[in-house]
1. Given a Förster distance of 35 angstrom, what is the FRET efficiency for Arg190 paired with Asp51, based on the Cβ-Cβ distance and rounded to 0.05?
2. Using a 1.4 Å probe, what is the accessible area per residue for the chain, in Å²?
3. Relative contact order for the chain using alpha-carbon pairs under 8 Å, separation at least 6, rounded to a whole percent?
4. For a quick check: with amide H placed at 1.01 Å from N, whose amide H comes under 5 Å from Asp113's, ignoring anything fewer than 5 positions away on the same chain?
5. In the chain, carbon and sulfur make up what percent of the accessible area (probe 1.4 Å)?
6. Please list, in order, the residues from the range 48-75 whose amide nitrogen is less than 12 Å from a point placed 7 Å along the Cα→Cβ vector of Thr84.
7. Could you order peptides 248-256, 186-194 by the average number of other Cβ atoms within 10 Å of their residues, highest first?
8. For the chain, what does -39500 (n - 2.57) per DSSP helix run (n ≥ 4), summed and divided by total residues, give at 222 nm, in deg cm²/dmol to the nearest 500?
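The values are calculated or read from the model by the stated rules, or taken from the named source; none is laboratory data. The shown structure was predicted, so the numbers you read here are calculated from the model rather than taken from an experiment. Cβ sites come from the backbone with ideal geometry, for glycine too, and all protein chains shown count toward neighbours. In case anyone asks, the SASA skips ligands and DNA or RNA and just uses the protein heavy atoms, side chains included. Shrake-Rupley method; radii C 1.70, N 1.55, O 1.52, S 1.80 Å.
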Amino acid sequence: MRKIRMLAVGATALALLLSACQPGDGSSSSPSSGSPSTPAELPTVIVGSADFDESAIVAEIYAQALEAAGFTVERHLFFGTRETTLPALESGDLNLMPEYIGSLTETLEATADADPAVTFSNLNAALTDQGLAAFNFSPGQDFDGFAVTAETAQEFDLETMSDIAPLADQFTWGVPSECAGRDLCEIGLREVYGIDINTIPRVENLGACSAAMAEALNADAIQVARVCSTQAAIAQYNFVVLVDDQGLNPAQNLAPVVTEELAAAGGDLLESTLNAVSAELTTAELSELNLLVSVELQDVAEVAHTWLVDRGLI
């Protein structure tokens with residue numbers, strides 16, 4: 001029995017020695033918990049969008065960029081309004097959303113400023129209480145503004161809202177009926193730019209950011225139109241959106257908002273991938289993307305893929 005035991009011990013020692021000599025995964029080669037390095041370790045991304053084209057396009061761009069980086073992505077496009085999407089983010093039913101920094105900051109009862117850096121800082125402070133975070137914001141933003149045709153801009157040398165203010169009475173303005181009493185429309189125009197909609201001789205009430213508003217501007221039925229700065233008609237008709245040089249509107253740049261859990265699990269790869277996308281999303285690019293989907297009725301996924309390939313992001 002003693003001989004058998006000694007043989008067993010010897011065999012065990014030999015096995016351990018051989019095992020030690022084999023190549024393998026040592027502790028020195030293990031990836032850190034904050035920096036996933038293989039697809040098997042990457043978290044699943046559950047991306048949602050608001051219930052309109054622009055949000056869905058950007059969400060699909062996020063999704064394809066992340067899939068190219070190795071993430072598995074579930075899509076819930078056209079998920080709903082912020083009243084639906086924000087609780088879904090907070091609960092983890094979604095863990096990524098494109099958001100407008102000014103609107104979301106105000107929804108969270110923080111202060112939105114015309115300066116995007118200030119707004120972004122205030123937003124991230126407010127998101128912390130919700131278990132959320134935002135990565136870099138895009139240069140492009142979708143704000144409520146005023147546009148003129150390229151011909152009008154050239155004729156009257158118009159670039160900013162301050163340029164048009166002393167000439168306001170010369171034009172027919174198109175504004176929505178709900179402009180009255182709004183801080184970012186009637187009240188703001190008067191207090192910030194000295195433009196009193198109530199005393200302008202010719203004002204037409206048309207839907208904000210609507211096709212009817214754009215068609216009226218293009219047909220010269222109105223000369224100044226209330227628009228959304230990234231709507232498809234801007235690119236379609238080559239309108240000029242006047243620069244809000246006195247900061248009437250809060251910054252409405254787009255930013256990817258994620259759960260803190262996803263941010264931690266996705267690490268630098270998640271953040272750098274989304275930041276690279278944001279860096280390319282200008283106001284003009286967003287208008288062009290909206291034109292392709294909303295007017296030309298191209299497929300969202302195909303438009304997103306082409307955009308990413310053209311910019312070398314996938």
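1. On the way: r = 33 Å, r/R0 = 0.94.
Step by step, r from the Cβ atoms, then E = 0.60.
2. Working: 15130 Å² over 314 residues.
Result: 48 Å² per residue.
3. Relative contact order here is 26 percent.
4. Those qualifying (amide H under 5 Å, at least 5 residues apart or on another chain) are Thr119, Ala251.
5. Details: 7670 of 15130 Å².
It is 51 percent, rounded to a whole number.
6. 49-52
7. Working: 248-256: 23.4, 186-194: 17.0.
Peptide ranking by packing, descending: 248-256, 186-194.
8. Details: 13 runs with 139 residues, N = 314.
Computed mean residue ellipticity for the chain: -13500 deg cm²/dmol.
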